[in-house]
Structures are given as C-alpha cells and as structure tokens.
Amino acid sequence: MTTPKKLYRIKFLLFLSLAVVSPAIMLLRFGGAPVDIKGIAVTAGCFLVLAAIHGWKYRKTPENAVFYNISKRSPEEQLRVSRWAVKILPIMGPLMGYFTYRDLLVLQSGAVKSVSLWIPADLIYRNFGFWPAVLTWPVICGYAIIMCIFRIERAKALLGYRDNSNKS
C-alpha cells in the first residue's frame, strides 16, 4: 500500500532524476545549435528545488501517516472543508477558464503556433472547438461545487441541523 511517506520518496527521486536527465535531453536535442545554458540551468534548478521540497516532506512525514480521506472525518470537519471548497471553487473555475480563453484566443489569432494547455482542455478543443474548451474548468469546478454542497447537506444531517425556514 502506498503511504504519504512513500509517495514523497517517489516524488523526490522523480524530481531528482529529472534534474539530472532534463539538461542532458535538452543538450542532445539542440544537436550543434547554440545552447541556451540559462534555460537549461533554470529547468534543472526548478527540478532540484522540487526534489528538495519533497525530500524535506519525506523526512518530516511519519511512517504511520495516512492519506486524508474526508469521508472518514467527523461531520464537523467535513462541513468545514466543504464550505472552504465552496468558497474557493467559484473563483478558481472562472480564473482558469479565463487563462484557457486567453491562450486559445492567441492561438486562433495566429500570433503563436502552439500553446500549453491542460490535457482535457486540449482534447476538448481539438474535438469540439473553442468554447467547450474554455468552459472545461468552470464546468469541472461547478460539478465539484455541487458535490461539496451534497457533502455539506449530508454533514448537516449528521450533526442534526434543522431547516427553520418552514416554521408556521
């Protein structure tokens, strides 16, 4: 079974290997062309920083740590976490949708030949077009909000909240 400690170790080793392998790949890719040493150094440095962060998390995580599972938490904690998510997701969905809109608009205008997109948004753009791809993030966040609202209602029911709006 994978534990958080094991996962941090895997991530540490992954980023450490990427810090070593990515400069080699970038050097081989250029094949005689001028090499962007600064870009290679920044890439390797970013991977080293990520490796250091995960190495630190690996050392600090106890052996008996378990993954956070909201379903196994108390109703109070489920309520707190779900309410927090309902506050954050309406901001994140439109914000990420805006970034996707901006990137795809630049791509369609012909100013650039390619842009970096989240894989599901890219697949939706290729198969269904501009607006479905732009709306990918808002729709996913909307779905997550609906799921959080159901979790909030279930936690309230477990805690014995009463709807006082129907009093006669």
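Derivation of every value follows stated rules applied to the coordinates shown; laboratory data play no part. Just so it is clear, the model here is predicted, and its values are computed rather than measured. Reconstructed Cβ throughout: ideal geometry from the backbone, glycine too, with neighbour counts over all protein chains shown.
At-a-glance table
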quantity: Whole-Å distance, taken between Cα centres, linking region 101-126 and region 37-54; calculated: 26
quantity: Directionally averaged projected area (convex hull, Cα atoms, region 71-166), nm²; calculated: 8.2
quantity: Per-residue ³J(HN,Hα) for region 146-159, Karplus 6.51 cos²θ - 1.76 cosθ + 1.60, θ = phi - 60°, Hz, x for Gly and Pro; calculated: 4, 5, 5, 5, 4, 5, 4, 4, 5, 5, 4, 5, 5, 7
quantity: Within region 38-64, backbone nitrogen closer than 16 Å to the virtual label 7 Å beyond the Cα of residue 3 toward Cβ; calculated: 57-64
quantity: Mean separation of Cα contacts under 8 Å, 6 or more apart, over the residue count of region 71-166: relative contact order %; calculated: 45
quantity: Efficiency of FRET between residue 80 and residue 53 - r from beta-carbon atoms, R0 35 angstrom, step 0.05; calculated: 0.85
quantity: Orientation-averaged projected area, Cα convex hull of region 1-145 (nm²); calculated: 12.8
quantity: Ellipsoid equivalent to region 4-60 - semi-axes via the Cα gyration tensor, in Å; calculated: 28, 10, 4
quantity: Theoretical gain in end-to-end length, residue 13 to residue 109 [0.36 nm per residue, Cα-Cα removed]; calculated: 30.5 nm
quantity: Relative contact order of the chain, defined on C-alpha pairs under 8 angstrom at six or more residues apart (%); calculated: 25
quantity: Label-point separation, residue 123 to residue 98 (7 Å along Cα→Cβ), nm; calculated: 2.8
quantity: On Cα atoms only, tilt of 75-109 relative to the major axis of the chain in degrees; calculated: 40
quantity: Footprinting exposure proxy for 71, 22 (fewest neighbouring C-beta atoms within 10 Å first); calculated: 71, 22
quantity: Reachable lysines from residue 6, criterion Cα separation under 19 angstrom, eight or more residues apart if same chain; calculated: 57, 60
